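Following: one structure in structure tokens, then a few remarks.
The values are calculated or read from the model by the stated rules, or taken from the named source; none is laboratory data. The shown structure was predicted, so the numbers you read here are calculated from the model rather than taken from an experiment. So basically every Cβ, Gly included, is an ideal-geometry build from the backbone, and we count neighbours across all protein chains shown.
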């Protein structure tokens, strides 16, 4: 399943991927409702933010990121074709997890949920690097042999950032400004009975010196706030090497009340080719 352990993890087989995550102030790592996973090839990575107000959100977030990274075919094409069909097997897996909890004779009173809390919700962002070429139109085109295609998919306010050092350009998807973050956001739902918005898809090109990161809403909003204020403090992210640095950064921002107290996850991706 997805990982949010208190270490940075690296995939040196193709792309350099580091995953950082910290829970809310005063909570254990096991209470973290965010999840992140990457494929064994390093070509796919996904982050999901389970909604704390929903039922078993971490278990749903885990299933989303793992399904994306381990899907036998191209996951973005499958989601674009029929997102309900793509979700169906993990919705059934989540349902069976819930039923086992609800029917256990040793369950705690809250583990069966309630009439108003009977399913899980999560925002999601997934990235595919250079994994085949889609027949769908790209955002622009490239004739440069030094560029490769990437594809991203997202729903809600978990975000992908693309930093291009050659042009000093930072792009964000799907949220564009700090003001776009709201108290509620679209989510993927763990039961098919609940309708959801279709995810947004973006396709573009990257060079090997570019850097991507996937972020849950707390740190994504802080980054876009800094960008909107013409501050470059957000660039500290580019120099993160270990989890201690990440934890120190988030603790400082929380103390300064510049980032909300929420589970906070960042996956930093440095393409190798």
| When the range 197-219 is examined, which residues are found to be in contact with a helix residue (DSSP H, G or I) (Cβ under 9 Å, 6 or more places away or on another chain), within 22 Å of residue 19 (Cβ to Cβ) and either modelled with pLDDT under 95 or not in a strand (DSSP E or B) (or both)? | 199, 218, 219
| task | Pull up the range 45-89, narrow it to residues that are free of Cβ contacts under 8 Å to residues at least 40 places away in the same chain and in contact with a helix residue (DSSP H, G or I) (Cβ under 6 Å, 6 or more places away or on another chain), then point me to the one that is nearest to residue 32 (Cα to Cα). | result | 67
| query | For the range 227-237, does any single residue satisfy the condition of being in a helix (DSSP H, G or I), surrounded by fewer than 18 Cβ atoms within 10 Å (Cβ to Cβ) and out of contact with any helix residue (DSSP H, G or I) (no Cβ under 7 Å at 6 or more places or on another chain)? | reply | yes
| query | Which number in (1) in contact (Cβ under 8 Å) with a residue 12 or more places away in the chain; (2) closer than 19 Å to residue 173 by Cα; (3) in contact with a strand residue (DSSP E or B) (Cβ under 9 Å, 6 or more places away or on another chain) marks the one condition that residue 235 misses? | reply | (1)
| said: Which of the numbered conditions does residue 170 fail, given that it passes all the others? Conditions: (1) touching a strand residue (DSSP E or B) at 6+ places or on another chain (Cβ under 6 Å); (2) on the phi > 0 side of the Ramachandran plot. | reply: (2)
| query | Can you name the residue in the range 146-186 that is under 12 Å from the mean Cα position of the chain (by Cα) and outside any strand (DSSP E or B) and is also farthest from residue 211 (Cα to Cα) among such residues? | reply | 156
| Just a yes or no: is a residue in the range 55-62 modelled with pLDDT of 95 or more and under 15 Å from residue 206 (Cβ atoms)? | no
| task | Tell me, yes or no, whether the range 105-120 has at least one residue that is at pLDDT 80 or above and either touching a strand residue (DSSP E or B) at 6+ places or on another chain (Cβ under 8 Å) or surrounded by 18 or more Cβ atoms within 10 Å (Cβ to Cβ) (or both). | result | yes
| request: Mind telling me which of the residues 54, 30 ends up being in a loop (DSSP other than H, G, I, E, B) and more than 24 Å from residue 161 (Cβ to Cβ)? | output: 54
